[in-house]
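J.: First, the structure itself, so that you have it in front of you.
The values are calculated or read from the model by the stated rules, or taken from the named source; none is laboratory data. Everything numeric here is computed off the predicted structure, so don't read it as measured data. Positions of Cβ are generated from backbone atoms using ideal geometry, with glycine treated the same way; all protein chains shown enter the neighbour counts. Just the protein is used for accessible areas: all its heavy atoms, side chains included, with ligands, DNA and RNA removed. Shrake-Rupley method; radii C 1.70, N 1.55, O 1.52, S 1.80 Å.
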Amino acid sequence: MQVITLIPGDGIGPEVTEATVRVLDAAGANFEWDRQVAGIEAMEKHGVPLPEELLDSIRRTKVALKGPVTTPVGKGFRSVNVQLRQALTLYANVRPARTLPGVKSRYDNVDLLIFRENTEGLYKGIEHTVIPGVVESIRIITAEASERIARFAFEWAGREGRQRLTAVHKANIMKLSDGLFLESFRKVSADYPDLEADDRIIDALCMHLVKAPEQFDVLVLPNLYGDIVSDLCAGLVGGLGVTPGANIGLESAVFEAVHGSAPDIAGQNMANPLALIRSAVMMLRHLERPELVDRVRGGLWDTIINKKIVTRDLGGTASTIEFTDEVVRSIDSGAARP
Ligand code: NAI
């Protein structure tokens, strides 16, 4: 039996992970879950936000499904999410943003694939006070990590039949750091002559994404830009409640939605579990279980398109549990994917 590490997280995390586990069970996944705590709950139980037990579990199982974990703002422990990605060298953060049938959004033709470098940049967390009133943050960009994410993106894009990859940067201002990221992307692109490669400056890219997102195909970004632009792209296709993600490394992979712990709606049975369920679909593809992918997608699209049942963030009235019940019912009835 396949063992998978399950990190429910906090805020809406336990609600959306529970929903996802129910959907996977209904599809017949039959996974054994190794449940692990992180963040505030781990601080209480183990005295650290990212326990060694959790890392060991993922090293063993190689695959994790993760709910969001709250990070204290301005003080307290460093982001568990960032630490986890660095500790396991989950260097590629993959975030598709696609217009979904049955989900209202401003555009009807978005199909973006975002690759965010996931281990360095400003997220190294190297910050200190120089003198009172002056702080310094250090941004690390290496050729090794920049080439690694570029190569990963070209490989994935080629497999998916994509046409064009765009590197996103601010190399006009940060000539050395973003310059190195861009140079690395260009170097790797030479190995993929069948794929188009170009680049955009981050600020102009944001304007073009909002005006005409269909003109882009695949985006490759350093860590901070990737974090921000992937939320922007989530907004183009229905919001954070629908957008999935994966963190992939050499040895292991952690699948989690783009969204955070949403403290404003936590514990109210209001969260949309679709983003995490779609992250689980990415996990099923990674595990090469196409029959499960088909069953879960059939259940989702039957619920959303045919029955028109969606949660409040998408303009519907269904609670987390009501939406999940319908997806499970659709899977049980053998709904096929459109
Ligand atoms: P957030 O993504 O949690 O919420 C932003 C807005 O989107 C809120 O209005 C929320 O209600 C809504 N939203 C998010 N997910 C939703 C869902 N599934 N269904 C319906 N509505 C949803 O971002 P925020 O508020 O900036 O961050 C909250 C906490 O989450 C912070 O501590 C942050 O550090 C953490 N976080 C954790 C992440 C992770 O674990 N990978 C990723 C992003 C943030």
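J.: So Arg148 passes all but one of these: (1) out of contact with any Phe, Trp or Tyr (no Cβ under 8 Å at 6 or more places or on another chain); (2) crowded, with 19+ Cβ neighbours inside 10 Å; (3) basic (Lys, Arg). Which condition number does it fail?
T.: Tallying (1) out of contact with any Phe, Trp or Tyr (no Cβ under 8 Å at 6 or more places or on another chain); (2) crowded, with 19+ Cβ neighbours inside 10 Å; (3) basic (Lys, Arg), Arg148 fails exactly one: (1).
J.: Residues that are open to solvent by less than 40 Å² (accessible area, probe 1.4 Å): list the strands (runs of 3 or more DSSP E) wholly contained in the range 32-108 that include at least 2 such residues.
T.: 63-66, 92-98
J.: Specify the residue that is most open to solvent (accessible area, probe 1.4 Å); the eligible residues are those in the range 151-188 that are among the basic types (Lys, Arg) and not in a helix (DSSP H, G or I).
T.: Lys175
J.: I would also like to ask the following. Output the number of residues of the range 11-38 satisfying the condition of being touching a helix residue (DSSP H, G or I) at 6+ places or on another chain (Cβ under 6 Å), within 14 Å of the ligand (Cβ to nearest atom) and closer than 17 Å to Ala275 by Cα.
T.: The total comes to 4.
J.: Still on this structure: Going residue by residue through the range 144-159, is there one that turns out to be touching a residue at least 24 places away in the same chain (Cβ under 8 Å), more than 19 Å from Gly249 (Cα to Cα) and outside the structural domain of Arg95 (by TED's automatic domain parsing)?
T.: no
J.: Is it the case that the range 200-222 has a residue that's open to solvent by 10 Å² or more (accessible area, probe 1.4 Å), outside the structural domain of Leu276 (by TED's automatic domain parsing), closer than 12 Å to Lys170 by Cβ and among the β-branched types (Val, Ile, Thr)?
T.: yes
J.: Now a separate question. Checking the structure you have, find out if any residue of the range 118-139 is under 25 Å from Leu205 (Cα atoms), under 15 Å from the mean Cα position of the chain (by Cα) and surrounded by 11 or more Cβ atoms within 10 Å (Cβ to Cβ).
T.: Yes: one or more hits.
J.: From Gly267, Gly249, grab the single residue that is open to solvent by 40 Å² or more (accessible area, probe 1.4 Å), touching a residue at least 60 places away in the same chain (Cβ under 8 Å) and within 16 Å of the ligand (Cβ to nearest atom).
T.: Gly267
J.: Output the residue which, of all residues in the range 1-17 that are touching an Asp or Glu at 6+ places or on another chain (Cβ under 6 Å) and open to solvent by 10 Å² or more (accessible area, probe 1.4 Å), is modelled with the lowest pLDDT.
T.: Taking the candidates together, the pick is Met1.
J.: Turning to a different aspect of this structure: In the range 301-325, how many are within 16 Å of the ligand (Cβ to nearest atom), without any contact (Cβ under 8 Å) to a residue 60 or more places away in the chain and in a helix (DSSP H, G or I)?
T.: Qualifying residue count, the range 301-325: 3.
J.: Can I ask one more? For the range 270-291, which residues satisfy the criterion of being within 11 Å of the ligand (Cβ to nearest atom), surrounded by fewer than 20 Cβ atoms within 10 Å (Cβ to Cβ) and under 25 Å from Leu55 (Cβ atoms)?
T.: Those that are within 11 Å of the ligand (Cβ to nearest atom), surrounded by fewer than 20 Cβ atoms within 10 Å (Cβ to Cβ) and under 25 Å from Leu55 (Cβ atoms): none in the range 270-291.
J.: Under 6 Å between Cβ atoms, which residue pairs at least 6 apart in sequence (or on different chains) link something in the range 210-237 that is over 17 Å from Leu100 (Cα atoms) with a partner that is in a helix (DSSP H, G or I) and open to solvent by 20 Å² or more (accessible area, probe 1.4 Å)?
T.: Pairs found: Tyr225/Ile202.
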